[in-house]
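The values are calculated or read from the model by the stated rules, or taken from the named source; none is laboratory data. Keep in mind the model is a prediction, meaning the values are calculated, not measured. Cβ atoms come from the backbone with ideal geometry, glycine included; neighbour counts cover every protein chain shown.
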Amino acid sequence: MKNDVEKIKLSDVNLKNLNFKVIKGLYFEYKEVINYLVFGGLSTVVNFVSYFIFARIVSIEEVTSSGLSWFCAVLFAYITNKLFVFESKTNNKKDFFKEIVYFFACRVLSGILCDVGTFALMINVFGINDIIAKIVTQIMVIILNYVFSKVIIFKKK
C-alpha cells in the first residue's frame, strides 16, 4: 500500500471524524469501483465530445458519427480500464489482442442486451416511459460491463 495508507470500510466511517486520511483510506478500499465510475463518466464525455467533432465540425452523417463516437469511447474505456481500474498486464501481443477483442465484444453484447433489447422491451411491451427506461438500461449497462470486465476481460490470472 502506498504511503502506508490503511484501507477503511465504509461501515467503519464516523462522519464526525472525516478527514483526508479517512477519505484516502476509503479510496484505497474502493479504488477499483471508484476508478471504474470516474473513467466511465469520462468515457461518456469522450462519446459526446467526439460525436460533436464528427457530426458538427467534420460534418459526418449523424449515425456514422454516433458509431465513430461509440468506438472512441469504448477505446478510451479499454485503455483506462486496463491501466487504472483493473491494472491489467499483458505479456504478449496475443494476450493483448485477446483482451481488447473481448472488451469490444462484451461492450457490443451489453449494448445489444440492454441499450437496445431491454430498452425496446421496456418501451414497446411494458409501456415504460422512455427516460425511465433509458436510466434503468444505463444502470444495467454499467453493472454488466463491470461484471464482464472483472470476470471475463481483466480477470486475475
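Quick one: in segment 142-157, which of the residues that are assigned to a helix (DSSP H, G or I) and not aliphatic (A, V, I, L, M) is surrounded by the fewest Cβ atoms within 10 Å (Cβ to Cβ)?
Within segment 142-157, the match that is surrounded by the fewest Cβ atoms within 10 Å (Cβ to Cβ) is 150.
Select, from 139, 100, the only residue that is surrounded by 12 or more Cβ atoms within 10 Å (Cβ to Cβ) and under 16 Å from the mean Cα position of the chain (by Cα).
100
If we scan segment 115-128, do we find a residue that is surrounded by 14 or more Cβ atoms within 10 Å (Cβ to Cβ) and under 12 Å from the mean Cα position of the chain (by Cα)?
Within segment 115-128 (the criterion being surrounded by 14 or more Cβ atoms within 10 Å (Cβ to Cβ) and under 12 Å from the mean Cα position of the chain (by Cα)), the answer is no, since none of the residues qualifies.
I'd like the residue in segment 13-58 that is touching a helix residue (DSSP H, G or I) at 6+ places or on another chain (Cβ under 9 Å) and among the charged types (D, E, K, R) and, out of all such residues, is farthest from residue 104 (Cα to Cα).
Out of the qualifying residues, it is 24.
Would you mind stating whether residue 134 is closer than 17 Å to residue 33 by Cα, part of a helix (DSSP H, G or I), out of contact with any Ser or Thr (no Cβ under 7 Å at 6 or more places or on another chain) and of a type in the set (D, E, K, R)?
So residue 134 does not fit the description; no.
Answer yes or no: is there a residue in segment 103-114 that is within 14 Å of the chain's Cα centre (by Cα) and among the hydroxyl-bearing types (Ser, Thr, Tyr).
yes
Looking at 139, 123 in this structure, which one is farther than 22 Å from residue 48 by Cα, part of a helix (DSSP H, G or I) and at pLDDT below 95?
Just a single option satisfies the conditions, and that option is 123.
Would you point out which residue out of 94, 82, 98 is within 19 Å of residue 32 (Cα to Cα), at pLDDT 95 or above and not β-branched (Val, Ile, Thr)?
82
Report whether or not residue 59 is farther than 30 Å from residue 112 by Cα and exposed (fewer than 12 other Cβ atoms within 10 Å of the Cβ).
So residue 59 does not fit the description; no.
Might you check whether a residue that is in a helix (DSSP H, G or I) and touching a Cys at 6+ places or on another chain (Cβ under 8 Å) occurs anywhere in segment 22-43?
Taking every residue of segment 22-43 in turn, none turns out to be in a helix (DSSP H, G or I) and touching a Cys at 6+ places or on another chain (Cβ under 8 Å).
Could we say that residue 46 is of a type in the set (A, V, I, L, M, F, W, C), out of contact with any Ser or Thr (no Cβ under 7 Å at 6 or more places or on another chain) and free of Cβ contacts under 8 Å to residues at least 24 places away in the same chain here?
Criteria not met by residue 46.
Pairs please, first residue from segment 15-27 and basic (Lys, Arg), second anywhere and assigned to a helix (DSSP H, G or I), Cβ atoms under 9 Å, 6+ apart in sequence or on different chains.
Note: pairs meeting the criteria are 24/3.
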